[in-house]
Amino acid sequence: MNAATVRFAAAGTEATPLRFSLEDVNRDGRPDLLLQSRTRDTHIACGNTSASLTGQTFSGQEIEGTDAIITVGCK
């Protein structure tokens, strides 16, 4: 995946990654793409139940996905 094209956030918003790295987090022998964004830029609020990620591969194929989230530390 081309990290420069990745957007992550609540529906209808876009947060770009500030930093990214490749690291084998799950120890399967393949590098995993780790992305870091500013939390406030994602517009994910306490109680949100899903978040989406979009981007493109280096060959230009579009990728998108949505998954359930649980917000923690809400006041």
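Can you check what the net charge comes to around ALA15, using other residues whose Cβ is under 13 Å from the Cβ of ALA15 (Lys, Arg +1; Asp, Glu -1)? Local charge sum for ALA15: +2. The helix-only estimate of mean residue ellipticity at 222 nm for the chain, built from DSSP H runs of length n ≥ 4 each weighted as -39500 (n - 2.57), is -1000 deg cm²/dmol after division by the residue total. Structure remark: mean-square fluctuation, Gaussian network model of the chain, C-alpha springs under 10 Å; the largest value among GLY47, GLY29, GLY65 belongs to GLY29.
For the chain, modelled as a Gaussian network with Cα springs under 10 Å, which listed residue fluctuates most, SER37, SER59, SER21? Of the options given, SER59 has the highest mean-square fluctuation.
Computed from the coordinates by the stated procedures, all read-outs in this text should not be read as laboratory data. Computed from a predicted structure; not experimentally measured. Please note: Cβ atoms are built from the backbone with ideal geometry, for glycine as well, and neighbour counts cover all protein chains shown.
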